[in-house]
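A quick write-up on the structure given underneath.
The values are calculated or read from the model by the stated rules, or taken from the named source; none is laboratory data. The structure displayed is predicted, hence computed values, not measured ones. Virtual Cβ from ideal backbone geometry, glycine too; neighbours counted across all protein chains shown.
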């Protein structure tokens, strides 16, 4: 993702790549990294403290696509909105953003139907379920009222009414596939988004970063910046 972000920024008119950091050099953000217009972060949760310190020191706009964040991490990101424009999303694909909206509407319209979420990614992905799968869970169950079953094993018995199944598949070089299944009596609705390369996430992130530059202070959502 980092290499794709760098290549896309360098190819984009009106943008200049100032520098990059990785796991071995991320601590340089703390002290001597110069202020820039926007920082794009697709790293790991353990880098967040360095990123946050840099944003507080410089007031640089932050676009984060890091997944696997805990609730405390997300709270930290939101707090940075007091000093800089900030956006975080687990997925910067416009198609996935539409999938979330459609899934939410389907769950409202088909109240009482059984819901299962399945995500498939390459064999190098570190976290499971994916951040996008968790965003889809929040879309179909915004109040968090349903129990979540992370896969099933053994004699599990009859499926409870208010349960959502969550399934993570890993293999090969799959860029990312997400499915929301809604099961009624004698019928099923399946909503699917399939990525054929990671470039879609990078292109969406760079487009969002350009809008973030004029968004003003605050914690913004991807949907707000791209659809409003």
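To keep it simple, each residue is scored yes or no on (1) more than 30 Å from residue 56 (Cα to Cα); (2) touching a residue at least 12 places away in the same chain (Cβ under 8 Å); (3) out of contact with any strand residue (DSSP E or B) (no Cβ under 6 Å at 6 or more places or on another chain).
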{"position": "130", "(1), (2), (3)": "no, yes, no"}
{"position": "153", "(1), (2), (3)": "yes, no, yes"}
{"position": "160", "(1), (2), (3)": "yes, yes, yes"}
{"position": "180", "(1), (2), (3)": "yes, yes, no"}
{"position": "212", "(1), (2), (3)": "no, yes, no"}
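Residues of the range 139-171 that are loosely packed, with under 15 Cβ neighbours inside 10 Å and within 21 Å of the chain's Cα centre (by Cα): 142, 143, 144, 148, 150, 169, 170, 171. Here the range 104-119 is the region considered, the condition is being surrounded by 20 or more Cβ atoms within 10 Å (Cβ to Cβ) and under 16 Å from the mean Cα position of the chain (by Cα), and the residue that is nearest to residue 45 (Cα to Cα) is 119. Is there a residue in the range 81-91 that is crowded, with 17+ Cβ neighbours inside 10 Å, in contact (Cβ under 8 Å) with a residue 60 or more places away in the chain and within 30 Å of residue 184 (Cβ to Cβ)? Yes, that holds for at least one residue. The lone criterion from (1) surrounded by 17 or more Cβ atoms within 10 Å (Cβ to Cβ); (2) out of contact with any strand residue (DSSP E or B) (no Cβ under 8 Å at 6 or more places or on another chain) left unmet by residue 126 is number (1). For residue 40, the requirement of being modelled with pLDDT under 95, surrounded by 17 or more Cβ atoms within 10 Å (Cβ to Cβ) and in contact with a helix residue (DSSP H, G or I) (Cβ under 8 Å, 6 or more places away or on another chain) is not met.
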